[in-house]
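Following: one structure in C-alpha cells, then a few remarks.
The values are calculated or read from the model by the stated rules, or taken from the named source; none is laboratory data. In this text the structure is predicted, and so the values were computed from the model without any measurement. A quick note on method: Cβ atoms are made from the backbone with ideal geometry, for glycine too, and the neighbour counts reach across all protein chains shown. Accessible surface is based on the protein model in full, side chains and every heavy atom, while ligands, DNA and RNA are left aside. Shrake-Rupley method; radii C 1.70, N 1.55, O 1.52, S 1.80 Å.
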Amino acid sequence: MHDIGLEYCGLQRVDGPLVFLEGVRDVAFDDVVEVTAPDGTLRLGQVLDISETRAVVQMFSGTTGLSTAASRARFTGVSQRIAVGREMVGRILDGVGRPRDGLPDVLTDERRDVNGASINPYSREYPRDFIQTGITSIDLMNTLVRGQKLPIFSGNGMPHNQIAAQIARQAKLLAEDVRFSIVFAAMGVKYDVARFFIDSFERSGAINNVTMFLSLADDPSVERLVTPRSALTFAEYLAFEAGMHVLVILTDMTNYCEALREVATARNQIPSRKGYPGYLYSDLASLYERAGRIAGLPGSITQMPILTMPSDDISHPVPDLTGYITEGQIVLDREMFQKHIYPPVAGLPSLSRLMKDGIGKGRTRDDHPHIASQLFAAYSRVKEIRALAAVIGSEELSPLDKLYMQFGDHFEAHVVTQGEDENRSIEESLAAGWQALKILPRSELYRLSEEELKQYYD
Amino acid sequence: MPPVQLKPQTASSRANPSAEARIVRINGPVVEATGLSRAAMLEVVEVGRERLVGEVIRLTRDVATIQVYEDTGGLRPGAPAYPTGRPLSVLLGPGLLGNIYDGIQRPLRAIAETSGHFIRRGEKPSPLDLERRWRFTPSLQAGAAVAGGAVLGTVQETPSIAMAVMIPPGVEGELAELAPEGDYTVADIIGQVRRADGATTPVRLANYWPVRRPRPSQRRVRMDTPLVTGLRVVDVFFPIATGGTAAIPGGFGTGKTMTQHALAKWSAADIIVYIGCGERGNEMTEVLREFPELQDPRTGRSLMERTVLIANTSNMPVAAREVSIYTGITLAEFYRDMGYNVAVMADSTSRWAEALRELSGRLEEMPADEGFPAYLPTRLAEFYERAGSVETLNGRRGSVSVIGAVSPPGGDFSEPVTQHTSRFIRCFWALDRDLANARHYPAISWLSSYSEYVNDIEPWWRHQGADWQELRITLMRLLQDEVRLQRIARLVGPDALPDDQHLILFVAELIKNGFLQQSSFDPVDMYCGPEKQLQMMRLLVLFDRRARQVLARGGTLAEIREMPCLPTLVRMKSTIPNDRPQDFDALRTRLEQEFDAIERRLA
Ligand SMILES: Nc1ncnc2c1ncn2[C@@H]1O[C@H](COP(=O)(O)OP(=O)(O)OP(=O)(O)O)[C@@H](O)[C@H]1O
Ligand SMILES: [Mg+2]
C-alpha cells in the first residue's frame, strides 16, 4: 500500500458496502483503494468492476460516515496484501493484518497478496498422516489427517468452540512430537468467542503459538471477506515458506457468507439459492482449497472451518456448499446435545474422506477401517430400529433389535461421550469401539474379518 | 471446413497488437475490448501484457466480450488485446496419455517445473513435449488417395496404446509425401497431402482441433456391448453400454468421485479421460499417485498408461472450468477415431453448469431456473451428444462413453442440472444419502436408479451363455419385496410377519451386505469381474430357493440363520478372488450339503 497513486476527490455514489467512482484512470481490477472519510479515517476497499470511466469498489471497512462530496479515494495500484513474518506468531491482528493488541506494527517488508494463487494439483502431496485428536468420535470414526480441510457443522448454542479448542489443544501425530502453529480467524463472532479461544490457548500454554485475525461482530461486515484470506495467506507463509505445520481455525463461515451475500445484493447480482450469489461455491473453494500439503515441502495446512447451520438445516447453502468442497464434515447433533452428550458428534452424517489413507495397517491399527465401517453400519441400524420402536413400542421389538437398542445407548454413552479435557489414545478409542460391538452377536459383524473377530471379539 | 494445423502458440499474422484493440472493462473473468470489429465469435483473444488467454463470447459492433481463462486481477482498461484468428483448440498427438492438463490443455507438470508449486499466470507451455522424438511407423505409401481420418501409420504412445497418425478431418487428396519409419517430434511434418486444387497440406504427428466442434465420424452404430465396470450394482442392475451415457447424481459425500475413480480404474475401456471440473485438488493428486501403481486387469499394464487427466479444480479460474469438459471430450473423440473405446468421467457437471451461470450472470443475461441461463439444457444436450459408438472416418469402430457426476444443491434431485441431465442420459445412478450414511457403498440406490441399456446388452450376456437376465430379475424382485414388507412391518410389527416373509427380509439383507455393498478399499473386492458376478448371483439365488424349500417342508428360519456357511457367504466377495472360480464351486457344494442336512432332519 506504499505505492503512490492519484487521489480522487468525491465519490459518485455510495450504496451499502459499495462505492462508485467516475472518471478514474489507470486503475486495475482487484486493486486496493484507500478512501478517506470526511472525519479523516482511512478505509480500505477493493475494485470489483472497472471500465474506462467507472470503478465499483467494495469497502472492507464499511461505508458508514462516507459522503459523496467530502470523501477522497486513492488507488494504490496493488491488490490487497498483508505483511508476513515469523514475528507475527503470537500476535492479535485485525482482518487486514493491522495490530489489534496495542503492540506496534509488525516490522517486515515481506508482503503477500491475500488472494494467493492456486496450488498446482500436480504439486500437491496427498495428505495421510494421522492426527490423534484424543476425541474418540473423531479419531475412531472420522479421522483427521494432516493437511485436511475438515469443518465443524454446528448450530446456535452448540459446543463447536469447545470441540475446536479441544482439538487444537490435544492434536498430535503419533510418531513425532510436532506442535501445530495455530492461525485463528474470527469473522463476525462476538468478542466472547475470541476470548474463549484466547483463554483456552493460555491455559494450555499454546498462546505463543497462536496468531489471531479478528474481525468481530461489531466490525464492518465486509472486512469479513478479507479476514480468512489474510489468515490463510499468513498460514501459507508459515507452512510453505517457514516449514511449519499449521492448523487454521475459521469461525464463523456463515457470517462470512452473509457478508458475501450483502455485497452481491448491493451489486444487483442474480441470486441462486436463498439470496446467495451463484459464485458462492467458487468463492468458498478459493478459501478451503488453501489447505493441504505440497510435495517436497515440509509444512502443511490443516483447516478446521466452523459454521453454524441456520435452523440446524444441513441443506442450507452454506453447509451444503462447504460439504461439497471440504474433505468431510463433523456434524453436531441437536438431539445429542440436548441429551447432554459431549461432544455431540452426529454418528451418521459426519464423515472424513481422507480417513481411508490415514488409518489402518502401519498407521493406526489393521482393524481400524473395518471397525469404523462396522460401527457406522450398526449405528445406522440403531437409528432405524429407534424409529420403528417409536411406532410399535420397544416391547414389540425382536430380541436382536433389542440388542441393537442396547448397543446404541452404550455407543453414545461410552464411545462418543467423553470429557472436555479427556485425551484418549487411539488404542483406547479402538478398545471402546470393540467393547460396544461385543453387545451384538458375532453374526451381525459382517464387516469385520474372521481373523479380526477372533482377535478382538472372542 | 478448413483443417486446423499446428501453429505456434503465439499470435498469427493478424495478431499484431493492432493499435486499436484495447481493454475497456474488467468484470472478473469477463473482459470487454474495443477495436475488435474483425474478431469472430469464439476466436481466441489474448489480453494484457501477460497475454492471458480468452475467448470471444459476444460481439457488439467493435466491442468484443471475452471470457478469460486466467485470473484477471491487475488487468486495467487501456491494456492491449491480441486477436489470434483461431478458435480455442487442443493439440492432439502422442504424449497426451499419462499427462495432466488444466481446462485449456496447459500441461500442469510443465507448469510446475517453470512456475513452482503455485500456478503463475500467463504460462503457456506447449501441451505436448516439442523435443521428444517418437518412433513413427508408416502404413501407407505415397501416392495413396487419402481423406480425413485415414491412418498414415502408428506411434506406440505407451506400451499399451498405439496411436494412429491420422489425416485431420476435412483434408482430402493424394498423399504426395510420407516420411519413412523414423523418430520425429510432434511438430515435424511427416506427410503432405495434395488437394484437388493442387495446394498441399502438411500433416504432423500432432494437429489442432477446436474443442467446441465435435470431431466427425461416418455414422453411429448400435450400442449392444456392456461397458463392464467391475462394480456389481452397475453391471448387474444398471448397466451402461459401451458408448453410452450415465449420470451419477448425489449430495456431498455420497460417493460420486469414488464411483468415478472406481470406473476409471476398472472399467473395460481402452482409454480413460478423467475431468476434474471444479472439484478438489487432492482428488487429482490421488489419481496421479495411485494410478501408476495399479494394474489394468486386462492388459496387466499400469493404469496411468491409458489415462489422461484434466484438472481444473474448484479454486482454478472459473472460465477455464467451463471449457474443461470440451477439452476432455475432444481428447476422447481423438482416441475414438483410432478405434478405441474411451470412457470420459466428468466430475462434476454441476460445477461446469455453475461456471456457465457465473459467466452468464456477468453478461447480464436473462436467467431461467435458479439463475442458470436458458441455454443450459442445450449445452448439456450438445455435450452428451458427443458420446456414442461410431464407425470412424477410417472405418473402425470406436466409442466414447460419458459418465457425469451431478452435485445437486441440498441433494435435491428436482433442481435444474439434475433434471435437464436426466433428459439426455440413459443411465441414472442415483446416490442415496441414507445408504451413504450407513456406509453402504457404492450408495447407488437400487430403487431409484435406472438403465435404459438393459435390453440392448442382454443378448451380449446371453451370448456368453449366461443367465444374467434371470438372475438379476430374481435378485431385484427380492429387494423390491423387502421394501414392501418393511412397510408392513412398520405398521403391524415385525412379529406379525410369517416366516417366509421374514426369509425375504433375511435374503435381502444378504444381497445388500454380501453382494451390492462393494468397498473400493478392499483389495480383493474393489474389482469384481463378470464371471465372479455371475457366480455370486447364482449362489444367492440358490440360497433363496433352497431356504424357501426348507420352510415349505416345515423348517424354520432360525435353523437357516444358524447355517455354518453363512459367514462365508456374506464374505465371499472379499475372500474369493476373481481368478479362483473353483472356490465358488466348493462353496456351492458346502451350501447344498448344509441344506441337505437340514432337509434330512426334517424328513
Ligand atoms: N465405493 C466406495 N467404497 C468405499 N468408500 C466409499 C465408496 N464410495 C464412497 N466412499 C466413502 O465416501 C466418501 C465420500 O465419497 P466421494 O468423495 O466419492 O463423495 P462425492 O459424492 O464425490 O462428494 P462431493 O460431491 O462432495 O465431491 C469417500 O471419502 C469414502 O470414504
Ligand atoms: Mg466428489
Exercise. Considering only the stretch B:260-272, state which residues are under 16 Å from B:I248 (Cβ atoms), away from ligand 1 (no atom under 11 Å from the Cβ) and touching a strand residue (DSSP E or B) at 6+ places or on another chain (Cβ under 6 Å).
Key: B:A264, B:S267, B:I272
Quiz item: Within the stretch B:44-81, can you find the residues that are within 12 Å of chain A (Cβ to nearest Cβ) and of a type in the set (K, R)?
Solution: B:R49, B:R76
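Just to check your reading of the model, which residue among B:D183, B:D197 is open to solvent by 20 Å² or more (accessible area, probe 1.4 Å), among the charged types (D, E, K, R) and outside any strand (DSSP E or B)?
B:D197
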Quiz item: How many of the residues in the stretch B:333-349 are modelled with pLDDT of 95 or more, over 10 Å from the mean Cα position of the chain (by Cα) and more than 19 Å from B:G153 (Cα to Cα)?
Solution: 2
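Taking B:G250, is it in contact (Cβ under 8 Å) with a residue 60 or more places away in the chain, buried (at least 24 other Cβ atoms within 10 Å of the Cβ) and within 25 Å of B:V211 (Cβ to Cβ)?
Answer is no for this residue.
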Practice problem: Looking for whichever is closer than 30 Å to B:N394 by Cβ, within 13 Å of another protein chain (Cβ to nearest Cβ) and either within 16 Å of ligand 2 (Cβ to nearest atom) or open to solvent by 10 Å² or more (accessible area, probe 1.4 Å) (or both) here; the options are B:I310, B:I325. Which one fits? | Solution: B:I310
Practice problem: Kindly check whether there is at least one residue in the stretch B:402-412 that is more than 16 Å from ligand 2 (Cβ to nearest atom) and crowded, with 24+ Cβ neighbours inside 10 Å. | Solution: yes
Self-check item: So B:L97, is it outside any strand (DSSP E or B), closer than 28 Å to B:V342 by Cβ and at pLDDT 95 or above
Solution: yes
Quiz item: For the stretch B:248-291, which residues satisfy the criterion of being assigned to a loop (DSSP other than H, G, I, E, B) and within 11 Å of ligand 2 (Cβ to nearest atom)?
Solution: B:G250, B:G251, B:F252, B:G253, B:T254, B:G255, B:G278, B:E279, B:R280
Quiz prompt | Which listed residue is more than 16 Å from ligand 1 (Cβ to nearest atom) and either closer than 23 Å to A:I198 by Cα or not in a helix (DSSP H, G or I) (or both), from A:V248, A:V263 | solution = A:V248
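Does B:T245 satisfy the criteria of being buried (at least 24 other Cβ atoms within 10 Å of the Cβ), more than 23 Å from B:D522 (Cβ to Cβ) and either within 16 Å of ligand 2 (Cβ to nearest atom) or in contact (Cβ under 8 Å) with a residue 40 or more places away in the chain (or both)?
Answer is yes for this residue.
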Self-check item: Odd one out for B:P297, checked against (1) in contact with a helix residue (DSSP H, G or I) (Cβ under 8 Å, 6 or more places away or on another chain); (2) open to solvent by 10 Å² or more (accessible area, probe 1.4 Å); (3) within 14 Å of chain A (Cβ to nearest Cβ)
Solution: (3)
Quiz item: Among the candidates B:G276, B:G244, B:G328, which residue alone is outside the structural domain of B:P577 (by TED's automatic domain parsing) and within 21 Å of A:T322 (Cβ to Cβ)?
Solution: B:G276
Quiz item: Across the stretch A:277-294, what is the number of residues that are within 21 Å of A:G243 (Cβ to Cβ) and more than 8 Å from every other protein chain (Cβ to nearest Cβ)?
Solution: 2
Quiz item: Scanning the stretch A:113-142 for residues that are at the interface with another protein chain (Cβ under 10 Å from one of its Cβ atoms) and among the aromatic types (F, W, Y), which turns out surrounded by the most Cβ atoms within 10 Å (Cβ to Cβ)?
Solution: A:Y122
Exercise. Please enumerate the residues belonging to the stretch B:59-79 that are of a type in the set (S, T, N, Q) and assigned to a strand (DSSP E or B).
Key: B:T60, B:T65, B:Q67
Self-check item: Sole residue being in a loop (DSSP other than H, G, I, E, B), open to solvent by less than 50 Å² (accessible area, probe 1.4 Å) and closer than 21 Å to A:T265 by Cβ, chosen from A:G90, A:G62, A:G45
Solution: A:G62
Practice problem: Given the conditions (1) within 14 Å of chain B (Cβ to nearest Cβ); (2) modelled with pLDDT of 90 or more, report the number of the one that A:T53 does not fulfil. | Solution: (2)
Quiz item: Quick one: what pairs do we get from the stretch B:515-542, first residue near ligand 1 (Cβ under 9 Å from one of its atoms), second of a type in the set (D, E, K, R) and open to solvent by 40 Å² or more (accessible area, probe 1.4 Å), C-beta under 9 Å, 6+ apart or different chains?
Solution: B:S520/A:K356; B:F521/A:K356
Practice problem: Report the residue count in the stretch B:203-223 for those that are open to solvent by less than 70 Å² (accessible area, probe 1.4 Å) and over 19 Å from the mean Cα position of the chain (by Cα). | Solution: 11
Quiz item: Is it true that A:I426 is among the β-branched types (V, I, T) and surrounded by fewer than 18 Cβ atoms within 10 Å (Cβ to Cβ)?
Solution: no
Exercise. Just give me the residues in the stretch A:335-356 being within 17 Å of A:Q418 (Cα to Cα), touching a residue at least 40 places away in the same chain (Cβ under 8 Å) and either charged (D, E, K, R) or facing chain B (nearest Cβ under 10 Å) (or both), in sequence order.
Key: A:K339, A:G347
Practice problem: Grab the helices (runs of 4 or more DSSP H) fully contained in the stretch A:279-349, keeping just those with 3 or more residues being crowded, with 21+ Cβ neighbours inside 10 Å. | Solution: A:280-288, A:317-325
Quiz item: Hey, any hits in the stretch B:361-378 for a residue that's within 25 Å of B:G149 (Cα to Cα) and either in a helix (DSSP H, G or I) or not hydroxyl-bearing (S, T, Y) (or both)?
Solution: no
Quiz item: How many residues does the stretch B:341-386 contain that are touching a strand residue (DSSP E or B) at 6+ places or on another chain (Cβ under 6 Å) and open to solvent by 20 Å² or more (accessible area, probe 1.4 Å)?
Solution: 3
Exercise. Answer yes if at least one residue in the stretch A:143-156 is more than 14 Å from every other protein chain (Cβ to nearest Cβ) and surrounded by fewer than 18 Cβ atoms within 10 Å (Cβ to Cβ), and no otherwise.
Key: yes
Practice problem: Give the number of residues within the stretch B:419-438 that are within 14 Å of another protein chain (Cβ to nearest Cβ), in contact with a strand residue (DSSP E or B) (Cβ under 9 Å, 6 or more places away or on another chain) and either outside any strand (DSSP E or B) or at positive phi (or both). | Solution: 4
Quiz item: Has the stretch B:230-239 got at least one residue that is under 30 Å from B:I167 (Cβ atoms), modelled with pLDDT of 95 or more and away from every other protein chain (no Cβ under 14 Å)?
Solution: no
Practice problem: For the stretch B:22-52, enumerate the residues that are within 25 Å of B:P210 (Cβ to Cβ), in contact with a helix residue (DSSP H, G or I) (Cβ under 6 Å, 6 or more places away or on another chain) and assigned to a strand (DSSP E or B). | Solution: B:V30
